[in-house]
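Everything below concerns the one structure shown next.
The values are calculated or read from the model by the stated rules, or taken from the named source; none is laboratory data. Computed from a predicted structure; not experimentally measured. Don't worry about glycine lacking a Cβ; one is built from the backbone with ideal geometry, like all the others, and counts go over all protein chains shown. For the accessible areas, the whole protein counts, side chains as well, though only heavy atoms, and no ligand, DNA or RNA atoms are used. Shrake-Rupley method; radii C 1.70, N 1.55, O 1.52, S 1.80 Å.
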Amino acid sequence: MTVTDDRSITAPDDSSTAKRTVTLKIRRFNPEMNADPHWESYTVPFDPSDRLLDALHYVKWNLDGSLSFRRSCAHGVCGSDAMRINGSNRLACKVLVKDLGPEISIEPIKGLPVEKDLIVDMEPFFDAFRAVKPYLIPEGHEPTRERLQSAADRERFDDTTKCIMCAACTTSCPVFWNDGDYFGPAAMVAAHRFIFDSRDAGADERLEILNEREGVWRCRTTFNCSNACPRGIQVTKAIQEVKRALIFRRF
Ligand code: FES
């Protein structure tokens, strides 16, 4: 798809607020109206404490109600507002406008079909997540008391429990951009969380799945995923640990 030219919309002047302004350059696409995406620019006022999500709300509520994007919690918990901000995947609710420069480019995350503006179809992402069986597979009959786990065993997979499934990691991965069938980092993080859980008996099953053509061996260790994760999960390290588990399982 070709991205065509700009349109520019400026907030009405209100000298009583005397706020600083920033230009949001947003990649717009409405499949019912446009053959190709195009850029539109909006000049909006902001306070030092405003997050990019606040600026997007300003556009939607004051300048252009047709702008579409996802958000829910607005506090970095639900993971629904991952987008490409100045070329990097971030959560719009976790970055301050003042830290992003006078002109901010905003695009949908890459590698998933765009439904409208900043909204992508997340189903291929969730398909990969479901494929790795992201749930506890216990051994034997249901126990009559809780399954005990030592603090050290719990620590083994603590980092990968933090995932909020925002897809920032998977959609920053060049391998995923070129091959949407690749499971992608987020699915491997979900698998890691259970493979290394001492209470789980499904590790072999998951390792077998990740040993397939579209599994862990396609990772090129670019670290894009670790850099993109808004929760600071060491995603590349988790993938390496899954690879190592596969190798040691063989021998
Ligand atoms: S809106 Fe929920 S993580 Fe940003």
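Hey, how many Å between the Cα centroid of the range 156-177 and the Cα centroid of the range 91-150?
If you average the Cα positions of each part, the centres end up 7 Å apart.
So what's the Cα pair-distance distribution over the range 82-196, bin width 5 Å, in %?
All Cα pairs considered, the percentages come to 2, 10, 17, 18, 16, 12, 9, 7, 5, 2, 1, 0, 0.
With a cut-off of at most 12 other beta carbons within 10 Å, and DSSP calling the residue loop, which trypsin sites (Lys or Arg not before Pro) in the range 60-90 qualify? Please list them.
On the way: sites: K60, R70, R71, R84, R90; in loops: R70, R71.
Listed in order of number, the matching sites amount to none.
In the range 159-251, which trypsin sites (Lys or Arg not before Pro) are in a loop and have at most 12 other Cβ atoms within 10 Å, using DSSP for the loop call?
Details: sites: K162, R193, R199, R206, R213, R218, R220, R231, K237, K243, R244, R249, R250; in loops: R199, R213, R220, R231.
Within the range 159-251, the qualifying trypsin sites (Lys or Arg not before Pro) (loop, at most 12 other Cβ atoms within 10 Å) are R213, R220.
Kindly flag which residue pairs out of K25/K116; K25/K98; K19/K94 have an alpha-carbon separation exceeding 18 Å in this structure. Can you show the working numbers first?
Values: K25/K116 16 Å; K25/K98 15 Å; K19/K94 21 Å.
Table pairs above 18 Å Cα-Cα are K19/K94.
Keeping all protein chains in place, calculate the accessible area per residue for the range 2-120 (probe 1.4 angstrom), answer in Å². All intermediate terms of the calculation are to be shown ahead of the outcome.
On the way: 5870 Å² over 119 residues.
Normalised by residue count, the accessible surface of the range 2-120 is 49 Å².
Relative contact order for the chain: what is it in percent, counting Cα pairs under 8 Å that are at least 6 residues apart? Mind showing how you got there, number by number?
Values: 450 pairs, mean separation 41.3, N = 251.
Computed over the chain, the figure is 16 percent.
How much mean residue ellipticity at 222 nm does the chain get from its helices, if each DSSP H run of length 4 or more adds -39500 (n - 2.57) and you divide by all residues, to the nearest 500 deg cm²/dmol?
Numbers: 8 runs with 66 residues, N = 251.
Computed mean residue ellipticity for the chain: -7000 deg cm²/dmol.
Counting DSSP beta bridges in the chain, what percent are antiparallel, to the nearest 5? Please report the intermediate quantities before stating the final value.
Values: 18 of 28 bridges.
The answer is about 65 percent antiparallel.
Carbon and sulfur atoms: what percent of the 1.4 Å accessible area of the chain do they account for? Walk me through the numbers before you get to the answer.
Details: 6300 of 12970 Å².
With neighbouring chains kept in place, the figure for the chain is 49 percent.
Send over a whole-number figure in Å² for the accessible area per residue of the range 168-236, probe 1.4 Å. Don't jump to the answer; show the numbers that get you there.
Numbers: 2730 Å² over 69 residues.
Normalised by residue count, the accessible surface of the range 168-236 is 40 Å².
How much of the DSSP bridge set in the range 2-120 is antiparallel, in percent, rounded to the nearest 5? Don't jump to the answer; show the numbers that get you there.
On the way: 18 of 28 bridges.
If we restrict to bridges inside the range 2-120, about 65 percent are antiparallel.
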